Amino acid sequence: MGTLTPEVVVIPTPGLGNSTYLVGAGPDALAIDVPRDAWRIVEIAQDHGWRITHALETHVHNDYLSGARELEAAHGTSIVAPGRGDYAFRHVPADEGFEVAAGNGGLVARATPGHTPEHLSWELQDAAGTPTALFSGGSLLIGGVGRTDLLGRARIAEMTEAQFRTMRRLAELPDEVAVHPTHGTGSFCVAGDVDIGGLATIGALKRWNPAFAASDLEAFDAELTAGRTLYPTYYRRMAPLNRRGPRQLDGPLLPQALTTERFAGARASGAWVLDARDRWAFAEGHVQGAWNIEAGDAFAAYAGWLLPFDAPIVLVVDSPEQEVDVRDELLRIGFDHVLGHLAGGMDAWLAVGGETSSYATASWEELREPGEERVLDVRQPYEWRDGVVPGSERVFVADLPSAVSRLDPHQRYLVACRTGVRAAIAASLLDAAGIAARPVVDGGVPALPAADLEPVVE
């Protein structure tokens, strides 16, 4: 790659809570942890005058599909991936010490197991062999570490011990080494209170990352357990697909506008109607039976958590451009059966007399005195421990499809979470099931004073 000092470009994918990195020098660049919509990464590389010669993987991803094969097919990019990853497609296997040239230095593979057993971090070195940056994947994060429970309960102890040893190894790096993780805020692959964006160094993280402060394995395990939340069920599908190699897309997809007739036909044939408009617009009026997961940072996670993996999907969106954004988010996690969007949106559906539904919304102040409505708290179980509305019923939003039958169909529900996003999702599921519900859309349970809450005693 020449004799130039490499430049690092950070490319976030907010919907997944992840970042991809370009390390460029001269005419060439390396890409680290590329998502399935790889054309987005290529465009940014081209803006810098770079050609992506290598796609480096840090681990077999559990939260999204890799775009490395998209790069290989379209641009002849060489894929470099962990040798212990059991990949079924053509790649260059890398293990401890493997090096890829980068400008006047190189990227050197460092074994950092724990988040996954095959995990590698890529250490950027200068011409003298001095480390200057670490692309830590799902291992060392800004404020935490990668989860060690994604491979199942049977391997948690093994992976936790491996991650503990990894932290001890990374602590030996020079303090000035910059840290660039793949996972960050919004990713369910993280354990602890993490952040993404900005710049952190090994020295800074040793001061305020609690995973570095753990004195022994027991304390480290306690720190991981404290930061552990539920994770989307679609994660179980990602690693096998990434090992096999995701179906290639061969470039960006164009919007697919469906006439009201085609949309109605797909709906009648069993396609899932997913409305990605904001929670207020959905409440005012929506296609009867639709589920609402508004476009935004949480969209992919909850879509993957709730929707059947192989089912056809039709979208209601604000614009064709939003359809592309939403469909890209779904493609990143393997939802390849999006048929398109309702052309003309709700106006077109209303014009042909399509079946509709609507409901009122609520503010968080109403949680204090819900009246005849029963509060349904759809946060995660760990959040309930901090306090719940007295007398509320609690069902995590991802468990709601299987729990709807246990709810009283004659009861009216006031649905709450922390911000309103999950409450809106849950209200749409209840509405589709014929149960009256109002979502709290402008806040939620944590907005209540402590005096208005009761703790959950386990």
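The criterion of at least 2 residues that are at pLDDT 95 or above and either within 29 Å of GLU158 (Cα to Cα) or not assigned by TED's automatic domain parsing to the domain that holds HIS183 (or both) is met, among strands (runs of 3 or more DSSP E) falling completely within segment 97-138, by 105-111, 120-125, 131-137.
Scanning segment 46-60 for residues that are in contact (Cβ under 8 Å) with a residue 40 or more places away in the chain, assigned to a strand (DSSP E or B) and surrounded by fewer than 24 Cβ atoms within 10 Å (Cβ to Cβ) returns THR53, HIS54.
Residue count for segment 139-162, restricted to those that are in a helix (DSSP H, G or I) and touching a Lys or Arg at 6+ places or on another chain (Cβ under 9 Å): 1.
Counting only residues that are of a type in the set (S, T, N, Q) and either on the phi > 0 side of the Ramachandran plot or surrounded by fewer than 22 Cβ atoms within 10 Å (Cβ to Cβ) (or both), how many does segment 61-116 have?
Residues in segment 61-116 being of a type in the set (S, T, N, Q) and either on the phi > 0 side of the Ramachandran plot or surrounded by fewer than 22 Cβ atoms within 10 Å (Cβ to Cβ) (or both): 2 in total.
Among the residues of segment 400-458, which ones are closer than 18 Å to ALA303 by Cβ and among the charged types (D, E, K, R)? Answer for segment 400-458, where residues must be closer than 18 Å to ALA303 by Cβ and among the charged types (D, E, K, R): ARG422, ASP431.
Filtered by the rule that a residue be modelled with pLDDT under 95 and over 16 Å from ALA271 (Cα atoms), segment 335-349 gives no residues.
Being over 21 Å from the mean Cα position of the chain (by Cα), acidic (Asp, Glu) and within 16 Å of GLY420 (Cα to Cα): is that true of ASP347 here?
On the way: over 21 Å from the mean Cα position of the chain (by Cα): yes; acidic (Asp, Glu): yes; within 16 Å of GLY420 (Cα to Cα): no.
Against the criterion (over 21 Å from the mean Cα position of the chain (by Cα), acidic (Asp, Glu) and within 16 Å of GLY420 (Cα to Cα)), ASP347 does not qualify.
With respect to GLU43, determine if the residue is closer than 21 Å to VAL326 by Cα, crowded, with 24+ Cβ neighbours inside 10 Å and either in contact with a strand residue (DSSP E or B) (Cβ under 7 Å, 6 or more places away or on another chain) or not aromatic (Phe, Trp, Tyr) (or both). Against the criterion (closer than 21 Å to VAL326 by Cα, crowded, with 24+ Cβ neighbours inside 10 Å and either in contact with a strand residue (DSSP E or B) (Cβ under 7 Å, 6 or more places away or on another chain) or not aromatic (Phe, Trp, Tyr) (or both)), GLU43 does not qualify.
Please determine whether any residue of segment 345-352 is hydrophobic (A, V, I, L, M, F, W, C) and either assigned to a strand (DSSP E or B) or assigned by TED's automatic domain parsing to the domain that holds GLY434 (or both). No: zero hits.
Here ALA447, ALA426 are screened, and the one residue that is surrounded by fewer than 18 Cβ atoms within 10 Å (Cβ to Cβ) and within 29 Å of the chain's Cα centre (by Cα) is ALA447. The residue list LEU124, LEU107 contains one member that is in contact with a Gly (Cβ under 8 Å, 6 or more places away or on another chain) and farther than 13 Å from LEU224 by Cα, which is LEU124. Selection of segment 381-397 for residues being at pLDDT below 95 and either surrounded by fewer than 17 Cβ atoms within 10 Å (Cβ to Cβ) or part of a helix (DSSP H, G or I) (or both) yields PRO381, TYR382, GLU383, TRP384, ARG385, ASP386, PRO390, GLY391. Highlighted here are the helices (runs of 4 or more DSSP H) found entirely within segment 199-312 that include at least 2 residues which are within 18 Å of the chain's Cα centre (by Cα) and closer than 28 Å to ILE11 by Cα: 235-244, 299-306.
The values are calculated or read from the model by the stated rules, or taken from the named source; none is laboratory data. Owing to the predicted nature of the structure, the values given are computational and were not obtained by experimental measurement. Cβ coordinates were reconstructed from backbone atoms using ideal geometry, including for glycine residues, and neighbour counts include every protein chain displayed.
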